[in-house]
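None of the figures in this text is laboratory data; all of them are computed from the coordinates on show. Remember, it's a predicted structure, so these values are computed and weren't measured experimentally. Note: ideal-geometry Cβ built from the backbone for every residue, glycine included; neighbour counts use all protein chains shown.
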Number of protein chains: 2
Amino acid sequence: MTDESRLESLDALVSLCKRRGYIFQSSEIYGGLNGFWDYGPLGVELRRRIFDSWWSTMVSRREDVVGMDASIITHPRVWEASGHVESFYDMMVDCRECNRRFRLDHLIQDAVDNGTLDAIFPDRDNSAAPAEGELPTRCPACAGELTEPRQFALMFETRVGAATDSKSVAYLRPETAQAIFVNFKNVQMSSRQKVPFGIAQVGKAFRNEVTPRNFTFRSREFEQMEMEFFVHPDEERQWFDYWIDARHAWYEQLGIDPTRLRRRDHAKDELAHYASYTTDVEYQFPFGWAELEGVANRGNFDLTQHGEHSGKDQAYFDPTRNEKYVPSVIETSAGLDRTLLTVLADAYALDEIAGEERTVLRLAPHLAPRQVAVFPLSKKLGEPARKLADDLRKRFHAIYDDSGSIGKRYRREDEVGTPYCVTLDFETLEDDAVTVRDRDTTEQERIGLSALGDYLGERLRR
Amino acid sequence: MTDESRLESLDALVSLCKRRGYIFQSSEIYGGLNGFWDYGPLGVELRRRIFDSWWSTMVSRREDVVGMDASIITHPRVWEASGHVESFYDMMVDCRECNRRFRLDHLIQDAVDNGTLDAIFPDRDNSAAPAEGELPTRCPACAGELTEPRQFALMFETRVGAATDSKSVAYLRPETAQAIFVNFKNVQMSSRQKVPFGIAQVGKAFRNEVTPRNFTFRSREFEQMEMEFFVHPDEERQWFDYWIDARHAWYEQLGIDPTRLRRRDHAKDELAHYASYTTDVEYQFPFGWAELEGVANRGNFDLTQHGEHSGKDQAYFDPTRNEKYVPSVIETSAGLDRTLLTVLADAYALDEIAGEERTVLRLAPHLAPRQVAVFPLSKKLGEPARKLADDLRKRFHAIYDDSGSIGKRYRREDEVGTPYCVTLDFETLEDDAVTVRDRDTTEQERIGLSALGDYLGERLRR
């Protein structure tokens, strides 16, 4: 466990993910589709465990939060009321020479971060950062001339029904939050919840990003885990503080290295139009600190907008306070794909075992997609080992593997993060016991078959 | 339990679903979006339990099936290879008078079923059913003239990236199956599975249906649960038989009335272009027998098509047979929304308790979204009752309710299908026991608090 090195660039992780069935490029045999990813057999299990952890923490174990699950294609008026149709754009510039495309804000920020402002602003004194509205003129890649910035609509559009007039336009939701707001009354009344309470949703959202990048960190199709907590306007700050603490703690519960997590308050000029304050939880990726989750005070902006646009009053009568008001909303907004990428990046390590280098995913045992691997020491022991794997599969994600040396089999499981390997040897036939090997310490322990289920169960529970 | 009546029309169920938070119309405050539905707090929990049951049966407990989860927006060439771009259309006709729109095949079939062929074919001898190609001329609603049939594309189209040329067109997948086929090699190699084995996926699919109908039965956005099982061509029939038995059995395990389930083999002329034979599992809804799931022998059609279109050989080398071949595929294709509708429709009942009519959802206990409700007999017992609900919430989906008479609280829980209600009374403070009431028998049993968790656990497990 000494001289361990961590992930230095996403490339090593991308390669492991493809090779071992965590994540593939979407439509790879057709050359891929930029910004879209598919999850393989291990990836889908890890997704499920992260989803389960979020849902159990945010919904199942709470009296004051209920779940919902709305359609992805949504009525266009929802996005008019929310402001997305009018203002959900990014500005982009193209290079006239090499045709590369850049998101304007990323182009400038990258140049600030890398100290290369001179390359994109050749005619400017770059001792100070550019002010808003100052436009770069040169391509950082080929020094070609850049176009004027153009608007790039982030919402994917489609048409519903057979008509082709503008009435049939509908949008793939760019966030799950709005579906919660438009269902506020239905959910509150049917669940008989009283403010303060929350509505949680996990589901796909779509953004036609100018430049998807950093593997699954910024993709065009992604799964959000959002919760909108409805409170009396006087209680905004106390619930905001409560939720930023709770959400930060969740990442630590996933086993993420706490020294790579931090909080960052949004500056006034980066706040979204609906938010009066926002704090992000960030993670230190190989490519820098980046947002995992935003906790925002959205005030009553959304419910008020939908009340006005739909003509359906969204005010709530509070029986405890004997007062009618439009609730304020504290939002917690996380990404399932981004959390999964964080879990993998944080777990990735290279160390040395008996003079041999190994790649190991130090996943928290309760998240590991494959929980136990069963090896017969010799193929002659295949039958009882296979039977053991079948038994364990009733409680755990278990595989049977009889191919290659035991050392080679350990390496394969280390690389995908399997916390426990169980080897059945000739002695097992005498003593009804097996050798259990721990992924992290590589230590081995002899455990009786009758105690094995509970031994693993205890260690694989959160 | 005598004189019980079952669901006679979907209307009663639609109303219960909205009132109690199972299912809402999408974007309801904006007038709704035809063919789209949102799941409320109880609906989303029921979805999760059905998903878990399917995944556990089809993936977790099996050595020979692995999962995956692909993107919804897919490369357009996938749908060229699969045949969808060319042929995934429905024929529709419109009424020139009242502007009603009909799917041609449904229009004719409904008239055959209802014996009303004369209305739509006034100029024909309707003693025999119309042959293929014979076109109805009159609207069944207003007797207006019908248009010629037109093609109606079922795939939703969108554009990816900033270009607006035809290269940027992409489709929302109309089925999850193709994502499995294009990932066949990546999944097989990374999971080290050998034929015969299966790949399973649960995810959204989208079809721009001409006439969505029957509540969530035929909607435009729906969640599929598909599994593609890859076999040697000689073993198609034996695996087909295996899977149709297994899939039929699953619906019975969900507690669906076996007398309302049947199998139906597709006739030669209704087979999809890729299938050599197909058998459906059907359920007897209030609106008639309708498909829940199709099990199909797709042969090697899809892998062969993708091999040709991508130029990437999809043949598999079978180490056991020492033979290279393109595997055949047995597909099992179910719908999560449709299963959920079936579970609710089948569970719905009206009976009489002590002279009073009640609505009850007789959900299988392991599927019930709310598992237990805790009532204090008097509000004075609120504190210990609330504490009990909090304790139970660690293991079960539990609520606390102190509003209205106990009888009224029972009725509320019966209507959403809560299998057990637990009442805490003044005696509880003496004997540390509570009254547990069974939803179906309405019988009550006194259970010690220390035994309650296991008592419920046993009964709520499948």
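Considering only B:Gly457, B:Leu377, B:His397, and ranking their Cα positions along the charge dipole of segment B:370-460 that arises from unit charges at the beta-carbon of Lys, Arg, Asp and Glu, the one farthest toward the positive end is B:His397.
Assigning unit charges at the beta carbon (Lys, Arg +1; Asp, Glu -1) and nothing else, what dipole magnitude in debye, to the nearest 20, does the protein assembly as shown show about its Cα centre?
Details: 120 positive and 158 negative charges, 29 e Å.
Result for the protein assembly as shown is approximately 140 debye, rounded to the nearest 20.
Averaged over the residues of peptide A:73-80, the number of Cβ atoms from other protein chains lying within 10 Å of each residue's Cβ is 5.
Whole-Hz Karplus values for segment A:72-84 come out as 6, 7, 10, 4, x, 5, 4, 8, 6, 5, 6, x, 5 Hz, taken residue by residue from phi with 6.51 cos²θ - 1.76 cosθ + 1.60 and θ = phi - 60°; glycine and proline positions read x. Taking Lys and Arg as +1 and Asp and Glu as -1, the other residues whose beta-carbon sits under 15 Å from that of B:Pro149 total -1.
Closest approach to the axis carrying B onto A, counted by Cβ on chain B and given in whole Å with its residue, is B:Thr158, 2.
For a quick check of your reading of the filter: which chymotrypsin sites (Phe, Trp or Tyr not before Pro) in segment B:401-462 sit in a DSSP loop and have no more than 15 other Cβ atoms within 10 Å?
Details: sites: B:Tyr410, B:Tyr420, B:Phe426, B:Tyr455; in loops: B:Phe426.
The qualifying sites are B:Phe426.
Among B:Val160, A:Val182, the ranking by other beta carbons within 10 Å of each residue's beta carbon, starting with the fewest, stands as B:Val160, A:Val182.
Placing unit charges on each Cβ (+1 for Lys and Arg, -1 for Asp and Glu) gives chain A a dipole about its Cα centre, and among A:Ile73, A:Ala200, A:Val416 the Cα reaching farthest toward its positive end belongs to A:Ile73.
For the protein assembly as shown, the list of Cys residues with no other Cys C-beta under 4.7 Å reads A:Cys17, A:Cys421, B:Cys17, B:Cys421.
Using the Cβ atoms and a cut-off under 9 Å, what net charge is assigned to the surroundings of A:Arg386, where Lys and Arg are +1 and Asp and Glu are -1? Cβ neighbours under 9 Å give a net charge of -3. The label-point distance for B:Glu8 and B:Tyr89, in a model that sets each label 7 Å from Cα toward Cβ, rounds to 4.3 nm. Diffusion of segment B:370-460 by Stokes-Einstein, at 4 °C in a medium of 1.567 mPa s and with Rh set to the Kirkwood radius over alpha-carbon pairs, works out to 101 µm²/s.
The helix-based estimate of mean residue ellipticity at 222 nm for chain A, built from -39,500 (n - 2.57) per DSSP H run of four or more residues and divided by its residue count, is -9000 deg cm²/dmol to the nearest 500.
Inter-chain neighbour count for B:53-63: the average number of beta-carbon atoms from partner chains within 10 Å of each residue's beta-carbon is 3.
Between copies, the label points at B:Asp105 (set 7 angstrom from Cα along Cα-to-Cβ) are spaced 4.8 nm, reported in nanometres from shortest to longest.
Here segment A:370-460 is assigned +1 on the Cβ of each Lys and Arg and -1 on the Cβ of each Asp and Glu. Its dipole about the Cα centre then comes out at about 440 debye.
At most 16 other Cβ atoms within 10 Å and a DSSP loop assignment: could you name the GluC sites (Glu not before Pro) in segment A:372-462 that fit?
Those satisfying the criteria are A:Glu427, A:Glu443.
Comment: the Cα-to-Cβ extended label point of B:Asp402, at 7 Å, lies 6.2 nm from its counterparts in the other copies, nearest first.
3J(HN,Hα) couplings calculated from phi for segment B:311-323 with the Karplus curve 6.51 cos²θ - 1.76 cosθ + 1.60 (θ = phi - 60°) are, in sequence order, x, 10, 4, 9, 5, 10, 8, 8, x, 6, 8, 6, 8 Hz; Gly and Pro show x.
Across the identical copies, the label point of A:Ala315 (7 Å from Cα in the Cβ direction) is separated from its matches by 7.5 nm, in order from shortest. Here the relative contact order of chain B, from alpha carbon pairs under 8 Å that lie six or more residues apart, stands at 14 percent.
Taking N as the number of residues in segment B:56-115, what value does Rg over Cα atoms divided by 2.2 N^0.38 Å take?
Working: Rg = 20.1 Å, N = 60, 2.2 N^0.38 = 10.4 Å.
This ratio for segment B:56-115 stands at 1.93.
For a straight C-alpha distance cut-off of 17 angstrom, the lysines reachable from B:Lys324 (same-chain residues fewer than eight places away being disregarded) are B:Lys185, B:Lys194, B:Lys312. Could you tell me which residue out of A:Ile406, A:Asn297, A:Gly335 lies farthest along the dipole of segment A:263-412 toward its positive end? Charges go on the beta carbon: Lys and Arg +1, Asp and Glu -1, centred on the Cα centre. The Cα lying farthest towards the positive end belongs to A:Ile406.
When the Kirkwood hydrodynamic radius is evaluated over all pairs of different C-alpha atoms of segment B:89-153, what value in angstrom, to one decimal, is obtained? Can you show the working numbers first?
Values: mean 1/r = 0.0849 Å⁻¹.
Answer for segment B:89-153: a Kirkwood hydrodynamic radius of 11.8 Å.
Amide H contacts for B:Arg218 (H built 1.01 Å from N in the peptide plane; partners 5 or more residues away or on another chain; cut-off under 5 Å): B:Arg213. The order of A:His309, B:His273, B:His397, going from fewest to most other C-beta atoms within 10 Å of their C-beta, is B:His273, A:His309, B:His397.
Assuming 1.567 mPa s and 4 °C, estimate D for the protein assembly as shown with Stokes-Einstein, Rh taken as the Kirkwood radius over Cα pairs, in µm²/s. All intermediate terms of the calculation are to be shown ahead of the outcome.
Working: Rh = 30.2 Å.
My calculation gives 43 µm²/s for D.
Loop-located trypsin sites (Lys or Arg not before Pro) across segment A:46-101 with a Cβ neighbour count of 13 or fewer within 10 Å are A:Arg61, A:Arg96, with loop assigned by DSSP. Other residues with beta-carbon under 9 Å from the beta-carbon of B:Ala70 carry, at +1 per Lys or Arg and -1 per Asp or Glu, a net charge of -1.
Converting phi to 3J(HN,Hα) with the Karplus coefficients 6.51, -1.76 and 1.60 and the offset θ = phi - 60°, segment A:118-126 yields 4, 5, 9, 10, x, 9, 10, 6, 9 Hz in sequence order, with x at every glycine or proline. Straight-line cross-link reach from A:Lys204 at under 17 Å between alpha-carbon atoms covers these lysines, not counting any fewer than eight positions away in the same chain: B:Lys204.
Averaged over the residues of peptide B:16-28, the number of Cβ atoms from other protein chains lying within 10 Å of each residue's Cβ is 5. Label sites at A:Trp289 and B:Glu458, each approximated as a point 7 angstrom past Cα along Cα to Cβ, lie 5.6 nm apart.
Spin-label pair A:Asp234-A:Leu449: with each label point 7 Å from Cα along the Cα-Cβ axis, the two points sit 6.7 nm from one another.
Determine, for B:Glu209, B:Glu8, the number of other Cβ atoms within 10 Å of each Cβ, and report the residues in order from fewest to most. Display every interim value, and only then the final one.
Working: B:Glu209 20, B:Glu8 10.
Neighbour counts put them in this order, fewest first: B:Glu8, B:Glu209.
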